[in-house]
Amino acid sequence: MSGNLGSGTGGASPYGDHSDSSGGGSIAPLPDFNASNIRLSTVAPAFGIPSSSLSAGPGAARLSSRQPDYLDYDQKGRGVVSTMFTNSGISYVLGVSLGGLYGLREGLMKTPSSRWKVKLNSVLNHCGRHGSGLGNMMGSTAILYSLYEGIADTYELDRYTGPIQPPAPLFGGMMTGATYYMRAGPRVATLAGAIGTCVVGGTFAIYSVLGVPYGSKGWLFF
């Protein structure tokens, strides 16, 4: 029996000669290429196998019930509430920072004395007054703009404005200015609305000239 298992031709392996060339023994066996666990329902389109052919074979119910999962994609982007929080937060922080820098300058220039404590008190008072005022103003206008822009997007205002695109930022800028100065009278509110429209339209024109995608900054109409 030992002669039959030797290197003779009668005992050749169907997988070829696996003996080491150096005569040191046999090498590792071939790995297992069993592909029974592969689901053709998930890789069939990649190999050109139509899904209809899979449904005709055995186990069609099991294959059809296991489909690849895909992530949902929101084509409309962020919601109104999320956009409102983002715009108001960035606007408030920016307003407080700019107002604080202006207050620092005013506090140092208008201090009544050169003493350290008096200077510090003057700077803190001016920074708090100008920073909070500008921050509150920019934060509130950002909330109004986000709400009006969300309303325009919800009711698809772009379907009725023809060549004027995109109308939502223009509508938001106009209504924000008019609403913010509504208590000052209709003339002032109309002027503020026109200024808001011009600011948004001017930003869009500058972005178009520079080749910058409109709304790429993710903040208000920038």
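The numbers here are math on the coordinates, done by the rules we state, and not lab data. Computed from a predicted model, the values in this text were never measured in an experiment. Quick reminder, even Gly has a Cβ in these numbers, built from the backbone with ideal geometry, and neighbours come from all protein chains shown.
Exactly one condition in (1) in contact with a Pro (Cβ under 7 Å, 6 or more places away or on another chain); (2) touching a residue at least 40 places away in the same chain (Cβ under 8 Å); (3) of a type outside the set (D, E, K, R) is false for V118; which is it?
(2)
Which residue pairs have Cβ atoms closer than 6 Å, lie 6 or more positions apart in sequence or on different chains, and pair a first residue in the stretch 78-100 that is under 8 Å from G135 (Cβ atoms) with a second residue that is aromatic (F, W, Y)?
none
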